[in-house]
Structures are given as C-alpha cells and as structure tokens.
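*Asks:* I'd like to ask you about the structure that follows.
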Amino acid sequence: METTNVSTYSFFLLFLGCSAAHAADASDAYFNGQSLSPDQLEQQQQLAAQQNKLFMLVLGADWCQDSRALAEQFQQPEFAQQLAQRFVVNYVDVGYLEHGFSVTNYYGQPTYYGTPTVIIIDPVTGRVLNKSDWQQWTNAASYGEQAYRIYFLEQEFEPLPFSAANKAFEDYQAQRVRAGFAVAGDMLEAYMESSATEPSAEFSELWAELGRFRNQVFNDVIDYHVASDEFPNYPEQSWEKE
C-alpha cells in the first residue's frame with residue numbers, strides 16, 4: 001500500500017493477535033509478494049535437510065504490526081546469524097487473509113489462525129513440529145529479545161500426536177474460520193485503502209467476533225489433540241448467516 005490515514009488500530013488486537021501498522025514503504029516491506037509454490041517448498045525443505053537445519057515458514061503481512069516486529073527481530077544482525085545456523089527461513093505473504101492456505105495445506109494444516117504464524121518443520125519427514133505453541137507469535141511485538149532467543153535458538157520442538165478425529169474436527173472448523181477471513185479480509189482491505197480515520201461499527205464487530213472464534217477453535221484443536229468422542233460445538237457466526 002502507498003499511504004493510509006488510519007489513526008485507530010487498537011481494535012485489531014481483538015482479532016488476529018496482531019495490530020495493524022501504518023503501510024510499509026517498499027524499502028522496508030518484509031512480506032509483500034512473498035510466496036512459495038509446491039515445487040519451491042520442496043526445494044527449500046530439501047535445502048534445509050541437506051544443511052541439517054530445521055525448515056521455518058513465517059506467514060504474515062506488512063500491514064500487521066506483529067508480523068513486522070518478528071521480521072525486524074529476525075533481521076537483527078547477531079540474531080539473524082544465529083537463526084541461520086539452525087533454520088532455513090522463508091516468508092509468505094498472506095495478503096488481506098486470502099493467501100497462504102496452499103502453504104498450510106501442503107503441510108497438512110487446513111488454515112492459519114493469525115498473523116504472523118511461524119511453522120517449524122522437520123525437513124526430513126515434513127512434519128510440523130511446533131503447532132502446540134505457534135499461536136504465541138501472533139503477539140510477536142509484545143516479546144523481548146530474550147523470548148525470541150529462548151524459543152528459536154534454544155527450545156527443542158516436540159510435535160503433538162493429533163488423532164484422526166481431531167483432524168476431522170479441525171478441517172471442518174477451519175472452513176468456517178476461512179469463510180470468516182474471506183469476509184473480514186475484504187473489509188480490512190477496503191478500510192486500509194480508504195481515507196477513513198476509524199473502522200465502521202460493522203467491521204469492528206465482525207473483526208472482534210472472528211478473533212474470538214478463531215482463537216477458540218485453535219485452543220480446542222490443541223486441547224483435544226488426542227482421540228475424543230465429544231468435540232465442542234460452536235454457534236453459527238454472523239458471516240455464516242444468510
């Protein structure tokens with residue numbers, strides 16, 4: 001984006017765990033236009049395996065303050081050097097919540113739930129290693145350097161065993177999350193490209209509702225990762241009503 005006159009951003013905290021930042025200049029854009037085809041994903045994963053490193057994907061957007069905060073920390077010279085010793089890192093631009101799903105699907109994940117989403121992958125097996133806590137980085141701007149160092153440079157990652165029933169539950173709920181993203185993303189783009197100084201009440205209400213829903217779905221996916229006969233039921237959301 002070129003410029004925006006938006007002055008009120010706090011409502012975004014209710015949604016993606018990510019507050020919207022002023023539009024980035026082209027010179028300091030981190031995510032703009034970044035994408036990976038299946039062939040490129042395979043190539044980068046193989047590169048990580050050859051170098052005996054983990055493969056990391058960062059799904060985010062330049063309008064997102066937390067996405068930018070994480071990218072800025074990743075590019076601090078000393079930290080970047082240390083990060084490169086452990087990971088092959090690629091950024092993926094989710095746009096206004098309409099992109100990035102082909103990447104998550106490639107690794108058996110039906111959606112992301114916020115921005116930025118950091119996905120750490122075993123390059124040999126292609127298995128996602130950090131799903132249990134990847135959501136914490138949707139609040140990346142609130143973490144200090146020490147938290148980044150502990151997680152990315154010191155933590156060992158142990159994947160959770162997800163049952164077939166859990167996968168079916170998540171696949172269905174992810175469709176609902178993505179339907180909400182489609183509606184909210186269009187409204188977000190229109191708002192960010194407009195001269196409005198505040199979001200409309202309709203947009204703010206939807207943004208907050210979707211934030212509550214996607215957080216609840218993600219938390220329940222993790223809580224019910226083992227076999228269960230009873231998964232939660234959620235009421236119809238506003239974007240699902242005719």
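The values are calculated or read from the model by the stated rules, or taken from the named source; none is laboratory data. This is a predicted model, so every value here is computed, not measured. So basically every Cβ, Gly included, is an ideal-geometry build from the backbone, and we count neighbours across all protein chains shown. Surface areas here come from the heavy atoms of the whole protein model, side chains and all, with no ligands, DNA or RNA. Shrake-Rupley method; radii C 1.70, N 1.55, O 1.52, S 1.80 Å.
*Asks:* Please give the direction-averaged projected area of the C-alpha convex hull for the stretch 85-162, in square nanometres with one decimal.
*Replies:* 5.7
*Asks:* Here's something else I'd like to know. Select from Gln76, Gln65, Gln51 the residue whose mean-square fluctuation is largest in a Gaussian network model of the chain (Cα-Cα springs shorter than 10 Å).
*Replies:* Gln76
*Asks:* Okay, next question. Per the Kirkwood definition applied to all pairs of different Cα atoms, how many angstroms is the hydrodynamic radius of the chain?
*Replies:* Result for the chain stands at 18.6 Å.
*Asks:* Which of the lysines could a cross-linker bridge to Lys53, judged by Cα under 23 Å and excluding same-chain residues fewer than eight apart?
*Replies:* Within the straight-line limit of under 23 Å, Lys53 reaches these lysines: Lys131.
*Asks:* Suppose each label sits 7 Å from its Cα in the direction of the beta carbon; what would the Ser35-Val226 distance come out to in nanometres?
*Replies:* 4.2
*Asks:* For the stretch 32-133, give the magnitude of the charge dipole about the Cα centre (Cβ charges: +1 Lys/Arg, -1 Asp/Glu; no others), in debye to the nearest 20.
*Replies:* Taking the Cα centre of the stretch 32-133 as origin, the dipole is about 280 debye.
*Asks:* Can you give the charge dipole size of the chain about its Cα centre, rounded to the nearest 20 debye, using +1 on the beta carbon of Lys and Arg and -1 on the beta carbon of Asp and Glu?
*Replies:* Magnitude of the dipole: close to 560 debye.
*Asks:* Pop the C-beta distance of Glu240 and Ala168 into the FRET formula with R0 = 22 Å and round what comes out to the nearest 0.05.
*Replies:* 0.70
*Asks:* Continuing with this model, one more query. Determine which aspartates and glutamates satisfy two conditions relative to Lys167: a Cα distance under 19 Å, and not lying fewer than 8 residues away in the same chain.
*Replies:* Straight-distance partners of Lys167: Asp133, Glu158, Asp220, Asp223, Asp229, Glu230.
*Asks:* Can I ask one more? In whole Å, what is the distance between the alpha-carbon centres of the stretch 74-145 and the stretch 30-63?
*Replies:* 9
*Asks:* Subtract the Cα-Cα distance of Arg149 and Glu42 from 0.36 nm times their separation in residues, and report this length gain in nm to one decimal.
*Replies:* 35.8 nm
*Asks:* Another question about this same structure. Just to verify a number: FRET efficiency for Ser132 and Glu202, C-beta to C-beta distance, R0 = 41 Å, to 0.05?
*Replies:* After rounding to 0.05, the efficiency reads 0.75.
*Asks:* Another one. With a probe of 1.4 Å, find how much accessible area the chain has per residue, and write the answer as a whole number in Å².
*Replies:* Averaged over the residues of the chain, the accessible area is 48 Å².
*Asks:* Given +1 on the Cβ of Lys and Arg, -1 on the Cβ of Asp and Glu, and no further charges, what dipole in debye does the stretch 135-218 carry about its Cα centre, rounded to the nearest 20?
*Replies:* 260
*Asks:* Further question on the same structure: To the nearest µm²/s, what D does Stokes-Einstein give for the stretch 29-83 at 20 °C and 1.002 mPa s, using the Kirkwood radius over alpha carbon pairs as Rh?
*Replies:* For these conditions, the coefficient is 170 µm²/s.
*Asks:* So, by mean Cβ neighbours within 10 angstrom, what's the order for 33-41, 175-183 with the highest one leading?
*Replies:* 175-183, 33-41
*Asks:* Please list the equivalent ellipsoid semi-axes of the stretch 152-239, computed as the square roots of five times the alpha-carbon gyration tensor eigenvalues, in descending order and whole angstrom.
*Replies:* With the √(5λ) rule applied to the stretch 152-239, the semi-axes are 31, 18, 10 Å.
*Asks:* Run the accessible area of the chain with a 1.4 Å probe and give the carbon-and-sulfur part as a rounded percent.
*Replies:* Percent of accessible area from carbon and sulfur atoms in the chain: 45.
*Asks:* Can you give the extra length, in nm with one decimal, that the chain gains between Ala190 and Arg212 once fully stretched, where that is 0.36 nm per residue apart less the Cα-Cα distance?
*Replies:* Length difference between fully extended and current span is 5.7 nm.
*Asks:* Kindly rank 105-112, 87-94, 207-214 from highest to lowest mean number of other beta carbons found within 10 Å of each residue.
*Replies:* 87-94, 207-214, 105-112
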